[in-house]
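Okay, structure first, notes after.
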Amino acid sequence: QVHLVESGGGLVQAEDSLRLSCAASGDTMCISTTGWYRQAPGKEREFVASITSGGIIKYGENTKGRFTISGDNAKNYVYLQMNTLKPEDTAVYYCRVEVRVHYGSRCWSLDSDYWGTGAPVTVSS
């Protein structure tokens, strides 16, 4: 089991910056991918960014160039730095991890996923 807690959301003005944090606890040894998703009012959930345990990073089309994802493996934290925020960035942001099963210190290929409860971000014009 992996427990995720997002923090850092809030109310900001357009053009401001904000950093979200995702803290993972529990059985975190075999986390393979950590990602951020968001869901705006009345909209479908959207992919924002992800990072693998090997450092491979992907971004969604609407956030590429303004957002940066990074991780601290020693502390089991993943961050989302959001710059030049726009009103259309207003949403609840969710952290998600993909986890493999382990036997001793070895990670195997069977995956499961876990979600945080979300961090609201509101950007005013």
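Treating only the Cβ atoms of Lys and Arg (+1) and Asp and Glu (-1) as charged, compute the dipole magnitude of the chain about its Cα centre; round to the nearest 20 debye.
With only Lys, Arg, Asp and Glu charged at Cβ, the dipole is about 180 debye.
For the range 59-67, take each phi angle, set θ = phi - 60°, evaluate the Karplus expression 6.51 cos²θ - 1.76 cosθ + 1.60, and give the result in whole Hz per residue in order, putting x for glycine and proline.
Coupling constants for the range 59-67: 10, x, 5, 8, 10, 4, x, 10, 10 Hz.
Taking H placed 1.01 Å from N in the peptide plane, check which residues at least 5 places from residue 118 or on another chain put their amide H under 5 Å from its amide H.
6, 95
Suppose a student asked you for the relative contact order of the chain, using Cα pairs under 8 Å spaced at least 6 residues apart; what percent would you report?
35 percent
Give a residue-ordered list of calculated ³J(HN,Hα) values for the range 26-39 (Karplus: 6.51 cos²θ - 1.76 cosθ + 1.60, θ = phi - 60°; whole Hz; x for Gly, Pro).
In residue order, the calculated couplings are x, 8, 9, 4, 10, 5, 9, 9, 10, x, 10, 10, 9, 9 Hz.
Could you list which residues have their amide H under 5 Å from that of residue 90, counting only those 5 or more apart in sequence or on another chain, with H placed in the peptide plane?
Amide H neighbours of residue 90, under 5 Å, 5+ apart: 123.
Out of the total accessible area of the range 1-66 (probe 1.4 Å, heavy atoms of protein only), what percent is carbon and sulfur?
Its accessible area is 47 percent carbon and sulfur atoms.
Using the Karplus curve 6.51 cos²θ - 1.76 cosθ + 1.60 with θ = phi - 60°, work out ³J(HN,Hα) for each residue of the range 5-10 in order, rounded to whole Hz, and write x for Gly and Pro.
Values per residue, Gly and Pro as x: 10, 8, 8, x, x, x Hz.
Once you keep just the Cα pairs under 8 angstrom separated by 6 or more residues, what percentage relative contact order results for the range 20-80?
That works out to 36 percent.
Sort the range 26-107 into rounded, prolate or oblate with this rule: let a ≥ b ≥ c be the square roots of the eigenvalues of the Cα gyration tensor; rounded if a/c is under 1.5, and if a/c is not under 1.5, prolate when a/b is larger than b/c, oblate otherwise.
Verdict is prolate for the range 26-107.
Taking H placed 1.01 Å from N in the peptide plane, check which residues at least 5 places from residue 71 or on another chain put their amide H under 5 Å from its amide H.
Counting only residues 5 or more places away or on other chains, the set is 79.
Whole number in Å², please: accessible area per residue of the chain, 1.4 Å probe, ligands, DNA and RNA not counted.
Dividing the accessible area of the chain by its residue count gives 58 Å².
The values are calculated or read from the model by the stated rules, or taken from the named source; none is laboratory data. Worth saying up front: this structure is predicted, and the values here are computed from it rather than measured. Cβ sites come from the backbone with ideal geometry, for glycine too, and all protein chains shown count toward neighbours. For accessibility, only protein heavy atoms count, side chains too; no ligands or nucleic acids. Shrake-Rupley method; radii C 1.70, N 1.55, O 1.52, S 1.80 Å.
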